[in-house]
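The values are calculated or read from the model by the stated rules, or taken from the named source; none is laboratory data. Keep in mind that what you see is a predicted model, and the values were worked out from it rather than measured. For neighbour counting, all protein chains shown are included, and Cβ atoms are generated from backbone atoms with ideal geometry for every residue, glycine included. Heavy atoms of the whole protein, side chains included, go into the accessibility calculation; ligands, DNA and RNA do not. Shrake-Rupley method; radii C 1.70, N 1.55, O 1.52, S 1.80 Å.
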Amino acid sequence: MKLPGTYCPLILVTHFIELVAGGWTTSPIAVNFIPLYRSSMLMHALFALADRDLEDINTIFGTYLLDMIRFMEEEWHKLVASIETGKLPDWEGIDAVREYLQPHFPPRPDRASELRAIGNMYQEAGWLTKIWPKLRVLIANASGVFSPAIPKIRHYIGPKVLWTSLGFFASEAFVGMAYRPSDLDQFKVTCDEFIEFLDILGEDDTSSLVAPVSLTLSPLILILVDPGIQWKVEFGKRYEIVLTTRDGLWRYRLGDIAEIAGFHPADGSPVVRYIGRRNIMKQDSVVLRMAGTMFTEECLRESIFATQDTLGQISEFTVAIDDRGQNPAVGYFVETYGELLINVCIDPEADAAPALLRTELCRLNETFRDNVDKKMSSPTIRVVKSGTFREYRRWKLEMNKTGYGQTKVPVVMWDSASLQWISARVE
């Protein structure tokens, strides 16, 4: 039987010492062939909840973990009842894999009673450690635009669970491993592939390229072994990463900007801090151009985050050109956790958040300061309904049939279908 394939966004690990022997995840492999996002995440949650001994949670991005937790909150009673009876729920999209899942799901009435006693108390700090008393490690990326997930996830896992990044990954290669668990933005560059650094302030050609240097071996051999490399990158400078894969020797620019945060004391490898994306075609760090003004991902991100004391804690956002007025404006679609501190949708001019957003954009972008009110209007904030970005991921995954690692909320949203979709979800 041929099954529709997906990529697993979550690995929930139990009995870590059984890793080599197999059977080290809570979910059977058939769960990964459920094509619908919500059903797949709920099935991962179901098998995880049934196992009290879960120790580690491993996911690509922290937002996927939050999605699973929210699905758990919505379906808590059904999940617990299913664990008690050993009967799988009739979620859409699981019929093709049910026969492969059911043998792994016996009744667990004692576990169901334990979960009922814990309750759907997601408001309590450390809720996940009450569900899984042995939970000790979370591995999830939450740097850059994913950082708003950090406080909410920390609320769920409590202060004692170790949280570290999965690593600096591209679709084509593994760029860096997590360096310091206390800093989710720092990564130690690996030598699995041949990595070079392009100075973003220099000329956009090989004259600005900084390659690792070996005292004894040629660059080609460096791809295969690491005999002691010297790195010529400078502390505090920002570079675009250029990658040559060892499988096929393809060399290309990733478009990711990293800042040199230091060097590993053992082997001298660069420790980098991820900054954001770069526009390779335009040869700069700009992600949005409008009315003679250029905006970087960092500028757009830091500006909206500065409004949280007045707007409320932001869970996710995206930016688009707001052309509803006479002049275009930088338009934000924002989702917040819980209640809004103010209501920017009723009377934006009367609220502090849009004014603070304008102030921050002026501070971070001199050209915007010069052009606002001349070539463009003040920035706007539109708050979307709770769960909008979770639903966006589901919509995109199921429509495009892509892997989870390729489905992210864009910093700037351009395509008309997505803009129409998200505009319809403004509160």
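Things to note:
- Residues in region 165-174 that are assigned to a strand (DSSP E or B) and buried (at least 19 other Cβ atoms within 10 Å of the Cβ): F168 only.
- Restricting region 286-341 to residues that are hydroxyl-bearing (S, T, Y) and not in a helix (DSSP H, G or I), the residue that is surrounded by the most Cβ atoms within 10 Å (Cβ to Cβ) is T307.
- Counting only residues that are more than 15 Å from V409 (Cα to Cα) and touching a residue at least 40 places away in the same chain (Cβ under 8 Å), region 360-385 holds 17 of them.
- Where M177 falls short, out of the listed (1) closer than 16 Å to F61 by Cα; (2) outside any loop (DSSP other than H, G, I, E, B); (3) touching a residue at least 24 places away in the same chain (Cβ under 8 Å): (3)
For (1) assigned to a strand (DSSP E or B); (2) modelled with pLDDT under 60; (3) under 22 Å from E75 (Cα atoms), each residue gets a yes or a no:
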| position | (1), (2), (3) |
| --- | --- |
| L3 | no, yes, no |
| C8 | no, yes, yes |
| V20 | no, yes, no |
| A30 | no, no, yes |
| L42 | no, no, yes |
| L46 | no, no, yes |
| R52 | no, no, yes |
| Y64 | no, no, yes |
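- Note on region 185-209: residues that are open to solvent by 50 Å² or more (accessible area, probe 1.4 Å) and either in contact with a Lys or Arg (Cβ under 8 Å, 6 or more places away or on another chain) or not polar (S, T, N, Q) (or both) total 4.
- Among (1) loosely packed, with under 15 Cβ neighbours inside 10 Å; (2) free of Cβ contacts under 8 Å to residues at least 60 places away in the same chain - the single one H155 does not satisfy: (1)
- Pairing each residue of region 251-270 that is at positive phi with any residue that is part of a loop (DSSP other than H, G, I, E, B) and open to solvent by less than 20 Å² (accessible area, probe 1.4 Å), provided the two are 6+ apart or on different chains, yields C-beta distances under 6 Å for G255/R278.
- Residue check, T59 crowded, with 21+ Cβ neighbours inside 10 Å, assigned to a helix (DSSP H, G or I) and of a type in the set (S, T, Y): no
- Residue check for G268: open to solvent by 20 Å² or more (accessible area, probe 1.4 Å) and either closer than 25 Å to F295 by Cβ or not polar (S, T, N, Q) (or both): yes
- Flag for G276 being of a type in the set (G, A, S), open to solvent by less than 10 Å² (accessible area, probe 1.4 Å) and either in contact with a Leu (Cβ under 6 Å, 6 or more places away or on another chain) or more than 19 Å from K188 (Cβ to Cβ) (or both): yes
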